[in-house]
Amino acid sequence: MTTPWQHPDTYSAYHLYVIKLKLEELSKTHKTVFEEIRSAGINANLHYIPVHTQPYYKKLGFKIGDFPEAEKYYRQAISLPLYYSLSEQEQDYVIQVLKEVLQ
């Protein structure tokens, strides 16, 4: 798993906390990891579906494979909860579940 990196001369808007799964090192699929996190009561999400796979752009002729890096990112990324009132206890729970799911 790769966690976000931030340059020390910048600051975060704390909008999303995205982890990228190293699928080649896991015995689970992206979908399985996502579902296990969600079933533990953690409101994880998937951001962002590659634009060229949206129905409007498909009608324009775009197809899977046109933007492989965007597709790869989508296959690996999971957004974990991040919001102002997220308690330290809730953060610890997310970390605990994530460790268990990724073992």
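Bear in mind these aren't lab numbers, they're just calculated from the coordinates by the rules spelled out. Here the structure is a predicted model, which is why all the values come from computation and not from measurement. Because the Cβ atoms are built from the backbone with ideal geometry, glycine has one as well, and the counts that use them run over all protein chains shown.
Checking each residue in region 44-67 for being in a helix (DSSP H, G or I) and more than 30 Å from VAL94 (Cβ to Cβ) picks out HIS52, PRO55, TYR56, TYR57, LYS58, LYS59. Of the residues making up region 75-92, those that are assigned to a helix (DSSP H, G or I) and without any contact (Cβ under 8 Å) to a residue 24 or more places away in the chain are GLU88, GLN89, GLU90, GLN91, ASP92.
So that you can scan it fast, the table gives a plain yes or no per residue for (1) exposed (fewer than 13 other Cβ atoms within 10 Å of the Cβ); (2) within 11 Å of the chain's Cα centre (by Cα):
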residue	(1), (2)
LEU16	no, yes
LEU26	no, no
THR29	yes, no
ILE42	no, no
PRO50	no, no
GLU69	yes, no
TYR84	yes, no
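Total residues in region 93-103 satisfying the condition of being assigned to a loop (DSSP other than H, G, I, E, B) and touching a strand residue (DSSP E or B) at 6+ places or on another chain (Cβ under 8 Å): the figure is 0.
Restricting the first member to region 46-74 and to residues that are closer than 18 Å to VAL18 by Cβ and free of Cβ contacts under 8 Å to residues at least 40 places away in the same chain, and the second to residues that are surrounded by 12 or more Cβ atoms within 10 Å (Cβ to Cβ) and of a type in the set (Asp, Glu), the beta-carbon pairs closer than 8 Å and six or more apart or on different chains are PRO50/GLU71. Of (1) without any contact (Cβ under 8 Å) to a residue 60 or more places away in the chain; (2) outside any helix (DSSP H, G or I), HIS15 satisfies all except one. Which? Only one criterion in (1) without any contact (Cβ under 8 Å) to a residue 60 or more places away in the chain; (2) outside any helix (DSSP H, G or I) is unmet by HIS15, namely (1).
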